[in-house]
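Notes follow the structure.
The values are calculated or read from the model by the stated rules, or taken from the named source; none is laboratory data. Worth saying up front: this structure is predicted, and the values here are computed from it rather than measured. Positions of Cβ are generated from backbone atoms using ideal geometry, with glycine treated the same way; all protein chains shown enter the neighbour counts. Accessible surface is based on the protein model in full, side chains and every heavy atom, while ligands, DNA and RNA are left aside. Shrake-Rupley method; radii C 1.70, N 1.55, O 1.52, S 1.80 Å.
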Amino acid sequence: MSSLKTFLYKKKYHRIPLTATETDHFEVGAKINGISGRFILDTGASNTCIGFDKAEQFKLISEESEIKAAGAGGTNLETLISLKNKIEIGDWKKKKIKIVLFDLVHVNEALVAHNVSPVDGIIGADILKKSKAIIDYDKSCIYLKK
């Protein structure tokens, strides 16, 4: 029997390493609009998000949004939306990606309290679905389909 890695390579998947944090999250490097950043991989987040304070850094053009965010920091959190962005995670690339902007201060404060460096954003289920993601928890990596 072939390994998961070999099987998924034959199915046109790309393997991307993940970094486990002290908070038991996985971090992954990604480029948004050509700018590198650090992101938490969050299967429970419906959308990929970036903090308000990082909008200019990642060249996000935002507009009003009726989406209300909810998470560890509370509910009904105000958001903005940025359309038509490009994302690269390892060799996997996609254009016309929607990114939700909201206040990630509470997320980063929780990370820092556990001696984990702050992140730029969250890779959510929207990207995981588009990429037909398969997470290998044992090997700390994710496979994204081209």
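Descriptive notes on the structure:
- Filter pass, LEU101 being assigned to a strand (DSSP E or B) and touching a helix residue (DSSP H, G or I) at 6+ places or on another chain (Cβ under 7 Å): yes
- Criterion (more than 28 Å from TYR137 (Cα to Cα), modelled with pLDDT of 95 or more and either of a type in the set (Asp, Glu) or in contact with a strand residue (DSSP E or B) (Cβ under 8 Å, 6 or more places away or on another chain) (or both)) met by exactly one of LYS59, LYS95, LYS86: LYS59
- Reported count of residues in region 118-141, each being of a type in the set (Ser, Thr, Tyr), in contact with a Leu (Cβ under 6 Å, 6 or more places away or on another chain) and free of Cβ contacts under 8 Å to residues at least 60 places away in the same chain, is 1.
- Residues in region 1-48 that are of a type in the set (Ser, Thr, Tyr) and open to solvent by 70 Å² or more (accessible area, probe 1.4 Å): TYR9, THR19, SER36, THR43, SER46.
- In region 102-111 there is at least one residue that is over 14 Å from the mean Cα position of the chain (by Cα) and touching a residue at least 60 places away in the same chain (Cβ under 8 Å).
- Evaluating THR79 against the criteria (1) in contact with a strand residue (DSSP E or B) (Cβ under 6 Å, 6 or more places away or on another chain); (2) touching a residue at least 40 places away in the same chain (Cβ under 8 Å); (3) closer than 19 Å to GLY44 by Cβ leaves one unmet condition, (2).
- Of the residues screened, ASN76 is not one that is in contact with an Asp or Glu (Cβ under 6 Å, 6 or more places away or on another chain), at pLDDT below 95 and either open to solvent by less than 50 Å² (accessible area, probe 1.4 Å) or on the phi > 0 side of the Ramachandran plot (or both).
- Selection within region 110-145 - open to solvent by 60 Å² or more (accessible area, probe 1.4 Å) and touching a Ser or Thr at 6+ places or on another chain (Cβ under 7 Å): HIS114, LYS145
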